[in-house]
Amino acid sequence: MAALLDEAHLCHLRELRARPATIDDEGLRLGDTYVMFFAESGLMAEHAAALIGGRCGADVLEVGLGLGVFAQQLAPLAPASYTAVEPHPAVVNLVAPRVRTDLPCPVTIVVEPWQALDLESESVDAIMYDTWPPDGYADADFTSFVEQVAVPALRPAGRFSFFHSGSRMSEARARVLDEHFPGWSATSVTIPSNRLPTGWTKPTGDFLVPCAQKGVR
Ligand SMILES: C[S@@+](CC[C@H](N)C(=O)[O-])C[C@H]1O[C@@H](n2cnc3c(N)ncnc32)[C@H](O)[C@@H]1O
């Protein structure tokens, strides 16, 4: 995996970690930029339901702990374990205590970028991918993550979801899903404009909740 951390990614990580992390009534800011809002809790609940709804006892991996909003939505779904990978130590210090309190299962936080992960093959049931790649690397990182982490780490019939702004799946992402999963779907979710916080930074209140399922041998 270390090969995935080239100079552009190492530089991005250095800059990311140098940004002060703060949480206010609206969400999590890294430096001046909000990266996650409490207003996204309904959206994250849809991701959680798509990934493990109706499947008690799932081992769940999240890439990008962020504000812990997705993690909190797992609580009523009774996961067996929750692991997050998050490279910003201050984010972990701020958010991990709340997640550990709220989740009724063992919680592991790996304070690393996902590119440093060394997961056992077929060891998780569900993966949520919601990270902040360097500018210009979003699709390339997504492809690497699916090929080199998600597909090997998922158990047969395990599920993969990811943050998706906007209401149309990009061709690049659809191609990756088509290539690596026998089936996937995506449902639309909209956060009404009157519920968007004043500091809203994302391009739209429209989202997709994709869910891809690994094959069963
Ligand atoms: C949008 S936030 C995640 C929000 C989270 N899903 C939630 O529900 O609160 C993105 C997070 O990804 C983290 N991140 C950035 N680069 C990463 C990497 N290479 N591996 C894992 N996480 C990364 C950021 O520090 C940030 O906390």
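The values are calculated or read from the model by the stated rules, or taken from the named source; none is laboratory data. Owing to the predicted nature of the structure, the values given are computational and were not obtained by experimental measurement. Ideal geometry is used to build each Cβ from the backbone, glycine not excepted, and the neighbour counts take in all protein chains shown.
Just a few scattered comments:
- Tally of residues being near the ligand (Cβ under 8 Å from one of its atoms) and either of a type outside the set (Val, Ile, Thr) or without any contact (Cβ under 8 Å) to a residue 24 or more places away in the chain (or both) across segment 31-46: 3
- Residue check, residue 19 more than 10 Å from the ligand (Cβ to nearest atom) and of a type in the set (D, E, K, R): no
- For segment 186-197, the count of residues that are of a type outside the set (A, V, I, L, M, F, W, C) and closer than 21 Å to residue 58 by Cα is zero.
- Flag if residue 28 is at pLDDT 95 or above, within 9 Å of the ligand (Cβ to nearest atom), under 28 Å from residue 143 (Cβ atoms) and crowded, with 22+ Cβ neighbours inside 10 Å: yes
- With respect to the stated conditions, residue 204 is touching a Gly at 6+ places or on another chain (Cβ under 9 Å), over 24 Å from residue 116 (Cα atoms) and of a type in the set (Ser, Thr, Tyr).
- Residue list for segment 74-95, filter: within 12 Å of the ligand (Cβ to nearest atom) and on the phi > 0 side of the Ramachandran plot: none
- Screening residue 118 with (1) modelled with pLDDT of 95 or more; (2) in a loop (DSSP other than H, G, I, E, B); (3) under 30 Å from residue 14 (Cα atoms) gives one miss only, at (1).
- Subset of segment 121-150 (residues that are assigned to a helix (DSSP H, G or I), among the aliphatic types (A, V, I, L, M) and crowded, with 20+ Cβ neighbours inside 10 Å): 146, 149, 150
- Which numbered condition residue 108 misses (of (1) touching a Ser or Thr at 6+ places or on another chain (Cβ under 8 Å); (2) part of a helix (DSSP H, G or I)): (2)
- Screening the candidates 86, 112, 46 for the property of being closer than 18 Å to residue 164 by Cβ and of a type in the set (D, E, K, R) yields one hit, 46.
- Qualifying residues in segment 58-73 (those that are out of contact with any Ser or Thr (no Cβ under 6 Å at 6 or more places or on another chain) and either touching a residue at least 60 places away in the same chain (Cβ under 8 Å) or outside any loop (DSSP other than H, G, I, E, B) (or both)) - the one farthest from the ligand (Cβ to nearest atom): 58
- The test for being within 11 Å of the ligand (Cβ to nearest atom), more than 22 Å from residue 30 (Cα to Cα) and surrounded by fewer than 24 Cβ atoms within 10 Å (Cβ to Cβ) does not hold for residue 115.
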